[in-house]
Amino acid sequence: MTTVKTTINRRSFIKVTSLAGGGMMLSFNWLAGCKPTSQEILALPKEWFELNSYIKIGENGAVTLMSPNPEFGSNVKTSMPMILAEELDIDWKNVRVEQADFFPERFERQFTGGSQAIRQGWKILRTAGATARQMMIRAAAQTWNVPVEEITTEAGTLQHLPSGKKAGYGELASLAATLPVPEEVPLKKVKDFKIIGTSRKNVDGLKIVTGKPMFSLDHTQDGMLVAMIAHPPAFGMKVKSVDDTAARAMPGIKDVFTIKTLADEYERNGFDTTSFTELVVVAGNTTWEVMNAKKALVIEWEKISDSHIVVNGWGGKQTVRIPAGLESTAGHKAQMAEMAKKPGKVLRKDGDPEAAFKRAAKVIERTYSAPYLAHNTMEPVNCFARVTDEHAEIYGPIQAPESIMQTLVARLGMPKEKIHIKLARMGGGFGQRAYGHHMVEAAVISQKLKAPVKLVYTREDDMTYGIYRPTYTATYRAALDEKNQLLAFHVKAGGIPETPIHPNRFPAGAIDHYLAESWSIESNITIGAFRAPRSNFMAGAEQSFLDELAEELGKDPIEFRLELLDRAKTNPVGENNDYDPDRYAGVLKLVREKSKWQEPQPNIHRGVSAYFCHNSYVAEVLDLVIQNKNPVIQKVYAAVDCGIVVNPDAAANMGEGGIVDGIGNALYGEMTFQDGVPQKTNFDTYRMIRQVEAPKSIEIHFVENETDPTGLGEPLFPPVFAALSNALYKATQKRFYEQPFISGLDQGFAD
Amino acid sequence: MAIFNLNVNGKKTQVDLDPATPVLWVLRDHLNLVGTKYGCGIAQCGACTIHLDGVATRSCLLPVAAVGNKAITTIEGLSENGDHPVQKAWLEHDVPQCGYCQAGQIMTAVAFLKNNPHPSDEEIETAMNGNLCRCGTYLRIRAAVKTASKS
């Protein structure tokens, strides 16, 4: 049995007495309209006893578990409480789950993104659960006057076998809650898990299928106004003047004004927006009235000048130049082609790649590119805010509340103790909701109007606001010797405005002469994290290139990758290789077995791909057939090594989603610009994958091991780009270098 | 402004508003029935799907003046406790991820199954093709519709 010091989780044991009993500071009636879910077998208790920030136990044995992280669809609101319940040793059917507010004094790391919620929450949640269980045991030992070591627990029941004494947690919770927090507590062995590793339904499933209010866009409050913004129609433009005469005269309109959401000299954090910070606001009674009045605004825009902003993000503090100009996709492509020809910044060099390329018998060079992508979460940007002189309540979709709290403190001029951020369920996040500009906007609007406000973006506002996945280009070169053996490998990748490259990833470490270079181009079009940032492009490029290389070398594509991984394991080149070759090879072997890779079927075109990102390993095989001159994806097999899987069916759901999302973005995803204007504004022009285009079936196999959980929300997404392009090659004998692939499919196929 | 007498989820209700107001916003802003979602406003995503006399209809482009005597059913009116066979199938397959599009998906599926109680896989895919799901739960949606068709 392992034990863990509770100091790693100290803040969750700090009692905040004013909140004990579950009282919330906000004026929201959080449970209004919610019927109990099927999980809630036990009635609400008369009293809750708080064991720590995460756990309250009622006198009748009902348990409330707080889900600390924001929920954007990765199902952390079910899986994080499952981890607590496991170590607490309770019956899942007696659990009620509540979404915690942003409350850093009580909860650790309330951030959902980077596939890190479960990985980083694992030890914290286990410790919280185990500590509460120990406090229950100690309460029983004290009550029965028996040694602590003789007490066992099972499914919310305490037992002392020698004396036959038995009690439910509820009976002893009031005493347990008063006991000192033990310094060290035992954690369960993986083999003893009863909840982790079993599939549990989404705790909010019933609310979702019955249409209960769950999103901030659904929120309403007495006296609440609806606000909409108008942002510049083009990157590189700003507001010059506003004629609001017509808009003000329209029915239901209360006010029209311009706001500045961030001061010019403000030092941005990594999740502050670099998009438009001066916005025209229309506020009124109802969404429809405000929507119409917004159309009646007459705004004159003007070009921006060059400017600089200071960003204190992950790379430390840096000054970023925002160039003036109205950029277009054609210009971007020309600029990227130019940069790709020049030497880049060397990020990693092993051996002597220049000499190896010089003496090569053959050099293969291929260039891959991908466009900007819009996140297009189904729920458009929105946020509720009620800001008074004394207090600010903010309720909206946010992946990174801690970052936006800093911004709110700076912008509202209020201490953080007076700002309360309530975490809304998000109608999708995908990275976009890490950027909480909407929270600042809603707060500033509410402050100005002195009224509760719900800020609503139209779909068009959302799609044209920026924070896009950057556009990228990568050039790969391989040097082959006269025996057709791989001699050297070179990758040079860049983008606007950032490079996608991870220089220490595979195949670095597997090739004697290796060179990785990067470049980037400044832009005023704003970008942000998008499901598996950078990996979402590099996996497709690299794994397509390796496929082509394997063919050139006359090798099976899986065998070729395994050979490279074997080299990286037995005789690694260089240092800092950031992957485990065994786990990498493990998923390739598993997908080879599960897909029956060595038994090809007639008329089924297969592609394989494998990638490591967000601490997890994924290999995928995609099967497609050609029907009526169109590719139809029959099946995708995925082998995943993400350590222990907390909630297998929900994990499979997210994996399926990642695969569907990847296929969709690879085939159709694209944002283009003309003179700074985003050329796609809604789903009539921005093509998203639909039901008939999704694979007919997806089979996900998780590697069973006892490794602590790693990422899952992102890792299945990047490799499918190449599994698809490699299968398309098999079907068409044509390589796909440029996303979206649909642009290369317009001639259709032979059946 | 004009007065409209609506039949929403079996209840008569009266609203006084701009006749051009789409039913989506009547439901969400005036009747506080927020299960019907705003996704695109141009009938491309299906998040706002309701039933008009049992027919799946996009409420974001449907002016309230065009409703007439037709009965409106929203996700809130589908069942008392979430026990409609389609809702049960959705729970059985644990379909939702973020959940935002699912009310629209369910409303489309219910209307479809009423007309075609025993659809083929291909018919299910075609019927559900108008509803976007950004999380990519399409396979589970398909499976849930199939399960519901068997109940």
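The values are calculated or read from the model by the stated rules, or taken from the named source; none is laboratory data. Quick caveat: nothing in here was measured; it's all calculated off a predicted structure. Methodologically, a virtual Cβ is constructed for each residue, glycine included, from the backbone with ideal geometry; neighbour enumeration extends over all protein chains shown. We work out accessible area using only protein heavy atoms, side chains counted, and drop any ligands, DNA or RNA first. Shrake-Rupley method; radii C 1.70, N 1.55, O 1.52, S 1.80 Å.
Summing charges over all other residues whose Cβ lies under 14 Å from the Cβ of A:Ala392, with Lys and Arg as +1 and Asp and Glu as -1, gives +1.
Ranking B:Met107, B:His118, B:Gly130 by how far each Cα lies toward the positive end of the dipole of segment B:85-150 (charges on Cβ) leaves B:Met107 at the top. Phi-derived couplings, Karplus 6.51 cos²θ - 1.76 cosθ + 1.60 at θ = phi - 60°, listed residue by residue for segment A:410-416: 5, 7, 7, x, 10, x, 5 Hz, with x used for Gly and Pro.
Look at the dipole of chain A built from charges on Cβ: of A:Gly284, A:Ala488, A:Tyr468, the Cα furthest out on the positive end belongs to A:Gly284.
Computed on chain A, with alpha-carbon pairs under 8 angstrom and 6+ residues apart, the relative contact order is 13 percent. Calculated on the alpha-carbon coordinates, the convex hull of segment A:59-104 measures out at 85 cubic angstrom per residue. In the context of the full set of protein chains, residues of chain A present 37 Å² of accessible surface per residue (probe radius 1.4 Å, heavy atoms only).
Considering only A:His420, A:Met339, A:Ile700, the residue lying farthest towards the positive end of the dipole of chain A is A:His420, judged by Cα position with unit charges set on Cβ. Taking amide hydrogens as placed 1.01 Å from N in the peptide plane, the amide H of A:Ser609 sits under 5 Å from those of A:Glu620, each at least 5 positions away in sequence or on another chain. Taken over the C-alpha atoms, segment B:2-76 has Rg and Dmax values of 10.9, 29 angstrom.
Pairwise alpha-carbon distances in segment A:360-473 exceed 22 Å for 40% of all pairs.
Checking the cross-link pairs A:Lys358/A:Lys635; A:Lys194/A:Lys589; A:Lys5/A:Lys56; A:Lys188/A:Lys317; A:Lys77/A:Lys629; A:Lys362/A:Lys734 against a 32 Å limit on the alpha carbon distance flags A:Lys358/A:Lys635; A:Lys188/A:Lys317; A:Lys77/A:Lys629 as lying beyond it. As a fraction of the 1.4 Å probe accessible area of the protein assembly as shown, surface on carbon and sulfur atoms comes out at 50 percent. Taken one residue at a time, the phi angles of segment B:31-47 give Karplus couplings (6.51, -1.76, 1.60, θ = phi - 60°) of 10, 6, 9, 9, x, 7, 9, 8, x, 9, x, 10, 6, 10, 10, x, 5 Hz. Gly and Pro are set to x.
Taking a ≥ b ≥ c as the square roots of the Cα gyration tensor eigenvalues, with a/c under 1.5 meaning rounded and otherwise prolate when a/b beats b/c, else oblate, which class fits the protein assembly as shown? Since a/c stays below 1.5, the shape of the protein assembly as shown is classed as rounded. Among the trypsin sites (Lys or Arg not before Pro) in segment A:174-255, those located in a DSSP loop and surrounded by at most 16 other Cβ atoms within 10 Å of their own Cβ are A:Lys189, A:Lys194.
Using only side-chain charges placed at the Cβ, +1 for Lys and Arg and -1 for Asp and Glu, the dipole size of chain B relative to its Cα centre rounds to 20 debye.
Accessible-area loss of 40 Å² or more (1.4 Å probe, protein heavy atoms, chain alone versus all protein chains) is found in segment A:287-301 for A:Thr287, A:Trp288.
The accessible-area loss of segment B:98-140 on complex formation, taken against its chain alone with a 1.4 Å probe, reaches 20 Å² or more at B:Cys98, B:Gly99, B:Tyr100, B:Glu125, B:Asn129, B:Leu132, B:Arg134, B:Cys135, B:Gly136, B:Tyr138, B:Leu139, B:Arg140. Relative to its residue count, segment A:535-744 spans a Cα convex hull of 152 Å³ per residue.
Leaving ligands and nucleic acids aside, the B/A contact buries around 4800 square angstrom of accessible area in total at a 1.4 Å probe radius. Among the lysines, select those whose C-alpha is under 17 Å from the C-alpha of A:Lys254, and discard any that sit fewer than 8 residues away in the same chain. Of all the lysines, those that pass the test against A:Lys254 - Cα under 17 Å, at least 8 places apart if same chain - are A:Lys294, A:Lys295, A:Lys448, A:Lys450, A:Lys454. Size descriptors for segment A:224-285 (Cα atoms only): Rg and Dmax, in that order, 13.6, 40 Å.
Taking GluC sites (Glu not before Pro) as exposed when their DSSP state is a loop state and no more than 11 other Cβ atoms lie within 10 Å, the longest site-free interval of chain A runs over A:576-703.
Normalised by the number of residues in segment A:65-141, the mean separation of alpha-carbon contacts (under 8 Å, six or more apart) gives a relative contact order of 40 percent.
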